[in-house]
Amino acid sequence: MSEWRALGLVEATDLVVYLPDDSVTLTAVAGGWSLANQLAAAQVDELRVMIWQKTKDGQRGKKQPKPIPRPGFEDTSSQSFTAKPVSIKEMQKRIAERRARQPDDGLVEYRARDGRMIRVTPKQAAYFNRKTR
C-alpha cells in the first residue's frame with residue numbers, strides 16, 4: 001500500500017493511535033518536538049526559574065532567565081520599538097492634520113453622555129436625541 005488513500009478507516013485509525021512518539025508523522029504534526037521533548041524543556045525552564053528566584057537578581061525581579069526556544073514560537077521579549085521624540089507643537093500639528101483629513105461621509109458630530117464627541121449618522125443622532133418618556 002504505497003498510496004495513503006488506499007488505507008481503510010480501521011487501518012488509518014490504528015496508524016494514528018499506535019504511532020510511536022518519535023515517529024516522523026507525529027513529530028511533524030507537533031511542530032518538530034515530541035511530547036517528551038516539550039515536557040523536558042518545560043522542566044528545564046521551571047528549574048531555571050526556581051534557581052533564579054534564589055539569587056539576588058531573582059529577589060529583585062531582574063534578569064529573569066529566558067525559556068528554551070520552542071519551534072513555532074518567536075521570542076518577542078527582546079523586540080524593541082524605537083521612535084524619535086516629537087515636540088508638543090509637532091504632535092498638535094499632526095493631530096490637526098489628521099482631523100482635517102476626515103472625509104465628508106455624511107456623518108454628524110454628536111456629544112455622547114460621557115462628554116466625548118463621536119461621529120454618527122443623522123438617523124443615529126435623531127435616535128440618541130429622542131425624548132425619553
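The values are calculated or read from the model by the stated rules, or taken from the named source; none is laboratory data. Source: prediction; values computed, not measured. Every residue, glycine as well, gets a Cβ built from its backbone with ideal geometry; the counts of neighbours run over all protein chains shown.
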Of everything in the stretch 86-126, what is of a type in the set (A, V, I, L, M, F, W, C) and in a helix (DSSP H, G or I)? Give them in sequence order.
Ile88, Met91, Ile95, Ala96, Ala100, Ala125, Ala126
If you go through Gln43, Gln59, Gln64, the only one that is more than 28 Å from Arg119 (Cα to Cα), more than 27 Å from the chain's Cα centre (by Cα) and modelled with pLDDT of 75 or more is Gln59
Which pairs do you get when a residue that is outside the structural domain of Thr121 (by TED's automatic domain parsing), found in the stretch 86-105, comes within reach of a residue that is at pLDDT below 85 and basic (Lys, Arg), reach meaning Cβ atoms under 7 angstrom, with the pair 6+ apart or on two chains?
none
